Amino acid sequence: MRRREFLKLSAAAAAVSPALLSCAGGHGGARQIGKGGKLTLRYYPYVVELQHTFTISGFSRDTTTVILVEISYDGVTGYGESALPPYMTGQTLETATAFLDKVDLSQFSDPFETDAILGYVDSLAEGMSCPKCGIDIALNDLIGKLLGQPLHRIWGFSADKTPCTSYTIGMDTPEVIITKTLEAAPYKILKVKLGSTEKDDKMIVETIRSVTDKPIVVDANQGWKDKRYALDMIGWLAERDVKFVEQPMPKTVLDDMAWVTERSPLPTIADESCQRWKDVARLHGVFNGINIKLIKCTGLREALRMIDTARGLGMGVMIGCTTETSCAISAAAQLAPKVDFADLDGNLLISNDCFSGMKIIDGKITLNDLPGIGVTKL
Ligand code: MG
């Protein structure tokens with residue numbers, strides 16, 4: 001414990017001023033934090049069980065496989081998570097594990113050299129955003145723990161500025177949709193999965209509207225194939241107090257999507273079309289905003305860059321998730337003070353969460369003061 005206190009004090013001193021450090025007798029303790037040992041990586045699969053069968057445009061599932069990642073340094077362990085939803089990235093337990101097997105973090109002796117470490121990890125293979133994300137989260141959690149501060153504080157974000165989160169209702173029968181809508185009473189915004197037939201899409205919205213007047217946001221998951229049909233649907237939704245529409249059309253039809261956005265009465269948000277930082281600028285003028293997910297963009301380091309770039313282009317930003325544990329959700333929540341809209345309910349939809357972390361209180365994302373991503377392993 002004494003050593004931990006010393007490390008925290010040293011890191012705080014290093015953050016203050018190089019001049020102060022030299023007054024204090026040369027190079028401060030932050031260097032000692034970074035030179036004392038080696039980084040070690042551990043990972044193992046975990047099957048997340050869903051409370052309800054989850055159906056979106058094109059897929060249904062009852063479980064999501066994730067890989068839990070741990071990076072240790074000098075007796076301190078950071079936690080990370082790589083969710084592998086079957087429809088989103090094409091990455092599997094086999095391919096993600098094969099990637100992680102190639103990662104050698106023992107060559108690094110300074111955990112604060114995140115640019116070098118995560119740059120090395122990113123360079124090992126094209127794609128593989130999910131396992132890269134698990135390493136990024138674990139390394140950032142480790143950094144926060146070594147400094148004794150939550151990441152949002154290290155980045156300078158106010159915990160008071162977090163938005164409410166939406167609660168997702170998948171495609172289902174009218175009876176189940178009513179049950180799920182009533183179960184969502186603690187949440188102030190509903191996210192509705194559409195992108196099926198016109199009849200089913202309208203039934204889902206009308207069913208929800210028959211029991212609540214809460215704001216709704218819609219995710220069509222690429223389900224509407226024709227631009228005029230997509231625009232008609234958005235117009236119909238705008239008359240039912242829908243706030244925005246996520247990924248109305250297939251991810252590659254950017255000309256058609258720009259046509260829809262130009263005429264749309266509601267903001268349009270890119271999800272499947274927006275994977276990593278390099279995508280943000282090319283989506284300017286195609287969508288009004290982007291949905292950042294850590295497993296798409298390789299983690300927190302790149303997510304911060306995406307937020308800055310989108311803001312510079314005048315685009316809206318939302319932070320999303322998949323069905324995953326409170327580890328990955330709490331990591332994403334560290335970014336919540338900087339986004340317009342959050343869809344961080346993935347841990348609420350599962351029945352075997354193995355972490356405790358960020359809580360939703362009165363519908364609002366509520367960050368705790370624990371260091372790093374703010375989680376405790378259960
Ligand atoms: Mg989406």
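Here, each number is a calculation from the coordinates, and none is a lab measurement. Quick caveat, the model's predicted, so the values are computed rather than measured. When we count neighbours, we look across all protein chains shown, and the Cβ atoms used for this are built from the backbone with ideal geometry, even at glycine.
Placing +1 on the Cβ of every Lys and Arg and -1 on the Cβ of every Asp and Glu, with no other charges, gives the chain a dipole of roughly 1040 debye about its Cα centre.
For the range 193-326, relative contact order (Cα pairs under 8 Å, six or more residues apart, normalised by length) works out to 18 percent. Helix 198-209 and the longest principal axis of the C-alpha atoms of the chain enclose an angle of approximately 70°. Sequentially through the range 249-257, phi angles give Karplus couplings (6.51, -1.76, 1.60; θ = phi - 60°) of 10, x, 5, 9, 8, 6, 5, 5, 5 Hz, Gly and Pro residues having no value and appearing as x. In plain terms, the chain from residue 359 to residue 378 could stretch by 5.3 nm, reckoned as 0.36 nm per residue minus the Cα-Cα distance.
From most to least packed by mean Cβ count within 10 Å, the peptides 319-328, 339-348 give 319-328, 339-348.
Modelled label positions at residue 305 and residue 153, each set 7 Å beyond Cα in the direction of Cβ, lie 2.8 nm from each other. Amide H contacts under 5 Å for residue 51: 350, 351, restricted to partners 5 or more places along the chain or on a different chain, H placed in the peptide plane at 1.01 Å from N.
Among the GluC sites (Glu not before Pro) within the range 71-141, those in coil by DSSP and having at most 12 neighbouring Cβ atoms inside 10 Å are 126. To the nearest ten degrees, helix 2-16 and the longest principal axis of the Cα atoms of the chain are 70 degrees apart. Roughly what would the spin-label model give for residue 239 and residue 77, points 7 Å off Cα along C-beta, in nm? With each label point 7 Å from Cα toward Cβ, the separation is 5.7 nm. Legend: residue pairs 132/364; 193/251; 293/364, Cα-Cα distance threshold 23 Å; pairs beyond threshold, 132/364. Here r is the Cβ-Cβ distance between residue 126 and residue 210 and R0 is 56 Å; the resulting FRET efficiency, rounded to 0.05, is 0.75. Phi-derived couplings, Karplus 6.51 cos²θ - 1.76 cosθ + 1.60 at θ = phi - 60°, listed residue by residue for the range 38-51: 10, 7, 10, 10, 10, 7, 7, x, 8, 9, 7, 9, 8, 5 Hz, with x used for Gly and Pro. The mean sequence separation of alpha-carbon pairs under 8 Å and at least six residues apart, normalised by the residue count of the chain, gives a relative contact order of 17 percent. The distance linking the range 240-262 with the range 62-110 is 33 Å (Cα centroid to Cα centroid, whole angstrom).
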